[in-house]
Amino acid sequence: MTKIVILTGAGVSAESGLGTFRDKDGLWTRYDLEEVATPEGFARNPALVHEFYNARRKNCVEATPNAAHHALARLERDFDGPVLIVTQNVDDLHERAGSSHVWHMHGQLTRALCAACGHRWDAPAVMAPADPCPACAAPATRPDIVWFGEYPYGMEAIWDELRAADLFVSIGTSGNVYPAAAFVQDAARAGAQTLELNLEPSIGAHDFEEVRTGPATEIVPAWVAQMLA
Ligand code: BJW
């Protein structure tokens, strides 16, 4: 039975209207990542960081899953073997399309985290620095997002899945951010076939056995149709 592990990045949600990070009009061209996506930036200016994530949470609520998200949900439902999505995305579009095996290695916009006690809960639409933690009451509420310099979620389990995979597919990610950028090497070393689906070849494209380029809403449904044929 073929076991598929899929890594997704911002490109899979781009056609749902959610911005990518490093494309020419990406989020990192408009925001300083040191200020909004590091623990040090949050310590310096928590109001700015909350403003950034409040706006992205609103965009996410207004967005809808696209044909790529729906195709991946269909693959999980109809493929004769396990399909796991490990996503770097903090949106919930895979789940809203119907995928149920989704691991958010960089956290989720819909969750809040107490920087004082580690308690997690469902995030309200708008968060502010003085919001008290429901468990310990400390005014240390932050988005449950993995920032630069922090350890991504579920790494040991992800590496186990990569080692057990027969096919590793990377969709809509530029390959700039580690440890996700090394998953193709981790999976290939353990014997998996590797495929990249991206608008253009990523910086790590040479590590994949096969690269298909184009918009996710076209190339992902086409690949899923091939897998289910
Ligand atoms: C389309 C499309 C369409 C567009 N169809 N495709 C030096 C060397 C190596 C590593 C490091 C280093 N210095 C520091 C590090 C570590 C650091 C890192 O990688 N830094 C690099 C920048 C160098 N990593 C970390 O700090 C991570 N933690 C860590 O390493 O812990 C220690 C550890 C060590 C070893 C093992 C395990 C742990 C944490 C990283 C946290 C990343 N956080 C962010 C922001 C928070 C989430 C959020 O706010 O949303 O996560 S950064 C940002 O980048 C976000 C994304 O998840 C992540 C990846 O971006 P992604 O998804 O690839 O987006 P883009 O924009 O880069 O690319 C989009 C792609 O889509 C492009 O290719 C387009 O062509 C394509 N596309 N439209 C198909 N329609």
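The values are calculated or read from the model by the stated rules, or taken from the named source; none is laboratory data. This structure is a prediction, so every number in the text was calculated from the model and none was measured. Virtual Cβ from ideal backbone geometry, glycine too; neighbours counted across all protein chains shown. Only protein heavy atoms, including side chains, enter the accessible area calculation; ligands, DNA and RNA are left aside. Shrake-Rupley method; radii C 1.70, N 1.55, O 1.52, S 1.80 Å.
Number of residues in segment 171-207 that are within 9 Å of the ligand (Cβ to nearest atom) and touching a residue at least 12 places away in the same chain (Cβ under 8 Å) equals 17. Segment 1-97 holds helices (runs of 4 or more DSSP H) entirely within its bounds, and those carrying 3 or more residues that are open to solvent by 50 Å² or more (accessible area, probe 1.4 Å), away from the ligand (no atom under 13 Å from the Cβ) and modelled with pLDDT of 95 or more map to 46-62, 67-78.
For first residues located in segment 50-72 and under 27 Å from residue 222 (Cα atoms) and of a type in the set (Val, Ile, Thr), partners that are in a helix (DSSP H, G or I) and open to solvent by less than 10 Å² (accessible area, probe 1.4 Å) and lie 6+ apart or on another chain with Cβ distances below 9 Å form the pairs 64/93. Checking each residue in segment 16-58 for being out of contact with any Phe, Trp or Tyr (no Cβ under 8 Å at 6 or more places or on another chain) and among the hydroxyl-bearing types (Ser, Thr, Tyr) picks out 16, 20, 29, 53.
Taking residue 149, is it surrounded by 18 or more Cβ atoms within 10 Å (Cβ to Cβ), closer than 19 Å to residue 37 by Cβ and within 16 Å of the ligand (Cβ to nearest atom)? No, not satisfied.
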